[in-house]
1. Quick check: the distance between the Cα centres of segment 241-282 and segment 78-125, to the nearest angstrom?
2. If amide H atoms are built 1.01 Å from N in the plane of the peptide, which residues on other chains or at least 5 residues away come under 5 Å of the amide H of Y67?
3. Checking a compactness column here: for segment 93-210, what do you get for Rg(Cα) / (2.2 N^0.38 Å), N being the number of residues?
4. Just to check I understand the Karplus step: with θ = phi - 60° and J = 6.51 cos²θ - 1.76 cosθ + 1.60, what whole-Hz values come out for segment 129-146, glycine and proline as x?
5. Near the amide H of G130, under 5 Å away, which other amide H atoms are found, from residues 5 or more places off or on another chain, if H is placed in the peptide plane?
6. Which order do E285, E78, E60 take when ranked by solvent-accessible area (1.4 Å probe, heavy atoms of all protein chains), largest first?
7. Compute for segment 90-147: radius of gyration divided by Kirkwood radius, i.e. Rg/Rh, restricted to C-alpha atoms, rounded to two decimals.
8. Under a straight-distance cross-link criterion of Cα-Cα below 12 Å, which aspartates and glutamates are reachable from K151, leaving out those fewer than 8 residues away in the same chain?
Amino acid sequence: MNSGGEQMKAGPSLIHKKLVSGMIAAGLIFYAFTAYLIYVAFQLTGQYLEQSSPKTVITEGLNKQVYEHIRIYYAEEEDAFVDLTIEAMKQAEKRTASVFQFEADRPLDVIYFDDKETIEQIAGIKHITGFYSDHDQMIGLYPDKREALLKKETLPLYFFNTLFIHEYAHFVFYEKVHSYEVSPGIFPLWFHEGTAEWTAYDVLNATSERFDVIPFQSLHSDQDWQNSRVTYETDVYLQSYYMIYELVQLYGRDIIHEIMEETAKTGQFASGFEQATGERLTDFEEQFKVMYQRKNG
């Protein structure tokens, strides 16, 4: 007690100070160690997910060759696919640049599957020889007449080139749509598939093959497309090709780019279609239906 009558507060002892400092240091070490464990866990989880992803699994053990922005994965005994892919790629770049007025250069994996069951499982689609996955940035291929193709026989080589160009056109289509910062889902699937088919095949070779006209609304989504392939006894790819073919005949090659651009502005395909063509989508559908019903007898 001091002379002023005030009670003095005892200061912390040296031992108390050291104890508090030690607890703080221990706490910092604990949090640092916990943070490290969390970091390691995330790293291991990321590595596990990467290693266990379907694309990683199917490319394991395959040879890889890089050309421009694409990585080609193939079995060692099928190295002829490298040259075939590069040649097809050159054609695909020219055609897609002309059709879509856009050049894509993001990394793209091209993977050759060695059995049909696996490619169908990965794609989630039956009866295919190729597919494009925007999510995985990959083209999967299982070409017909594989041995004849590797020998570069004329007919198998022609169909391989059209297959590759078709799938590469999907890649460029998606990249162009992404550049507009809109969802690819605003475009009906017949427009996706039709532009890919039209890009792959020379329009001068177009012939009026017979097919039953499916309502446009039955070719809008992925599920619609798969259902129509089963429900209707006709070729949905062929109809989509001719829908684009007729658009180009009416409005010229630039119409594909113009429809995509106007659709991106409005966010609605029907509105973008009408803005680009000056015609309502329903009117075009009716004209197409009448025309091809007459052609098909």
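The values are calculated or read from the model by the stated rules, or taken from the named source; none is laboratory data. Owing to the predicted nature of the structure, the values given are computational and were not obtained by experimental measurement. Note: areas computed on protein heavy atoms with side chains; ligands, DNA, RNA excluded. Shrake-Rupley method; radii C 1.70, N 1.55, O 1.52, S 1.80 Å.
1. Segment 241-282 and segment 78-125 have Cα centres separated by 26 Å.
2. HN-HN under 5 Å from Y67: I72.
3. Against the compact-globule rule of thumb, the ratio is 1.09.
4. With the stated coefficients, segment 129-146 comes to 10, x, 7, 10, 10, 5, 4, 9, 6, 8, 10, x, 10, 9, x, 6, 6, 4 Hz.
5. Hits under the 5 Å cutoff: Y142.
6. Largest to smallest exposure gives the sequence E60, E285, E78.
7. With Rh from the inverse mean 1/r over Cα pairs, Rg/Rh is 1.03.
8. E78, D79, D83
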